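Asks: Here it is, the structure in full.
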Amino acid sequence: MPELPEVETIVRQLAPSVPGRRIVKARVFRPDVLREPPDHFRRGVTGATIRSVTRRGKNVVLVLSHSSVLVVNLGMTGRLLLLRPGVNAGPSHVAVDLSLESGDSLLYADTRRFGRLTLYSAEEWGRESRRLGPEPLGKSLDAEAFHQRLRGSKAPLRSWLLDQKHLAGVGNIYACEALHQAGIHPLRTASSLDSRESERLLRSLRRVLRKAIEARGTTLRDYRTASGEEGGFLPFLQAYGREGKPCPRCGSPIVRIVFSNRSAFLCPICQPAPPTGTE
DNA sequence: AGTGTATCCTGCAGGC
DNA sequence: TGCCTGCAGGATACAC
């Protein structure tokens, strides 16, 4: 669930208050969210000062002193919360608790435990980060560069958008929303878009991501901001999760299709189906 | 280079 | 009330 806007919301909330603070104690309740033995993780973070909190794709990136980097990928149900004792209540399914010297805690909670906390050296994280595609809201990606990237792939657009090596941060909700807004069918192949269509798709993608950030993300069920609040973007979804409900643009019922083992939501009128190629 | 399938997990909604 | 099935924001590995 946590896609770019949700992770960006969490990072924006943590960035003003967390950097400069030291981790005085680390408790691991669910070792399976770590990629290394719990005692190694505890040794790696205890005593370290958090230098910065940033985002790369769907990852929260915490740069620690001693040039190590703690990367949090929230999976489907992960939450990263700043818990102020006596102010906000703790969540269930706490996996890792990082106590800060002020008495606050940075909690990682995750019902399904698909999320991961990974401790990298700066070099290792640099390598990992370079494997991800460009940031969709970043300056380096212009319409021309986007079109060039699309031209190299025959994958269906929805699959292409979800692949983090093409673009970093797009998930199923915002892929479906952007395609709907751009009037492009999710099964169109990436390379089939002409320059006008690819420009329209990039514009739609950026618009929906920005709007979702403004609304502090989409809470379907589990997502919470770093302060434990729900995101406000759900009422603005035009296609995702709206099977059978009227398309806000043309009124015809939204349709759910499944491919690559995941649902896609679309308007069959606004998003004309590509030729099947079998006839 | 693609796709389909399965896996890691829990919880909730809907049908009966 | 309970049982069952299907479904869920993600990432990855496998066979084909």
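Asks: Trypsin sites (Lys or Arg not before Pro) within the stretch A:16-64: which are DSSP loop residues with at most 14 other Cβ atoms inside 10 Å?
Replies: Passing sites in the stretch A:16-64 are A:Arg35.
Asks: Continuing with this model, one more query. Once amide H atoms are built 1.01 Å from N in the peptide plane, which residues 5 or more positions from A:Arg56, or in another chain, come under 5 Å H to H?
Replies: The answer is A:Val61.
Asks: Any chance you could list the semi-axes, whole Å, largest first, of the equivalent ellipsoid that the Cα gyration tensor gives for the stretch A:143-266, using √(5λ)? Present the calculation step by step, with values, prior to reporting the outcome.
Replies: Values: eigenvalues 111, 60, 37 Å².
Its equivalent ellipsoid spans semi-axes of 24, 17, 14 Å.
Asks: Which lysines have a Cα lying under 22 Å from the Cα of A:Lys139, excluding residues fewer than 8 positions away in the same chain?
Replies: Here the lysines satisfying the reach criterion relative to A:Lys139 are A:Lys58, A:Lys165, A:Lys211.
Asks: I need the shape label for the stretch A:63-131. Rule: rounded when a/c is under 1.5, else prolate if a/b > b/c, else oblate, with a, b, c from the alpha carbon gyration tensor.
Replies: Verdict is oblate for the stretch A:63-131.
Asks: Spelling out what I want: for every residue of the stretch A:112-120, take phi, set θ = phi - 60°, compute 6.51 cos²θ - 1.76 cosθ + 1.60 (Karplus), and round to whole Hz; glycine and proline get x.
Replies: Those phi angles translate into 8, 6, 8, x, 9, 9, 10, 9, 10 Hz.
Asks: Between Rg and the Kirkwood Rh of the stretch A:41-94, both from Cα atoms, what is the Rg to Rh ratio?
Replies: 0.99
Asks: Let me ask something additional. Sequence-distant or interchain residues sharing an amide H contact under 5 Å with A:Val24, placed H: which?
Replies: Under 5 Å from the amide H of A:Val24 lie the amide H atoms of A:Gly47, A:Ser99, A:Leu100, A:Glu101, each far enough along the sequence or on another chain.
Asks: Using only the Cα atoms of the stretch A:1-76, build the gyration tensor, take square roots of its eigenvalues as a ≥ b ≥ c, and label the shape rounded, prolate or oblate: rounded if a/c is under 1.5, else prolate if a/b is larger than b/c, else oblate.
Replies: It comes out oblate by the Cα gyration axes.
Asks: Under the rule a/c < 1.5 gives rounded, and otherwise a/b versus b/c splits prolate from oblate, where does the stretch A:1-45 land using the Cα gyration tensor?
Replies: Verdict is oblate for the stretch A:1-45.
Asks: Can I ask one more? Residue by residue through the stretch A:243-259, what is 3J(HN,Hα) from phi via Karplus (6.51 cos²θ - 1.76 cosθ + 1.60, θ = phi - 60°)? Round to whole Hz and write x for glycine and proline.
Replies: Karplus values, whole Hz, x for Gly and Pro: 3, x, 8, x, 4, x, 8, 10, x, 7, x, 5, 10, 9, 10, 10, 8.
Asks: Bin by bin, in steps of 10 Å, what percent of the Cα pairs in chain A do you find, going until the bin that has the longest distance?
Replies: Here the calculated profile for chain A is 7, 28, 32, 20, 11, 2, 0.
Asks: When only DSSP loop residues count, what trypsin sites (Lys or Arg not before Pro) in the stretch A:197-252 have their Cβ near at most 13 other Cβ atoms within 10 Å? Before the final figure, lay out each step's value.
Replies: On the way: sites: A:Arg200, A:Arg203, A:Arg206, A:Arg207, A:Arg210, A:Lys211, A:Arg216, A:Arg221, A:Arg224, A:Arg242, A:Arg249; in loops: A:Arg216, A:Arg221, A:Arg224, A:Arg242, A:Arg249.
Passing sites in the stretch A:197-252 are A:Arg221.
Bear in mind that the values in this text are calculations on the coordinates, not laboratory data. Predicted model, so just to flag it, every value in this text is computed and none were measured. For neighbour counting, all protein chains shown are included, and Cβ atoms are generated from backbone atoms with ideal geometry for every residue, glycine included.
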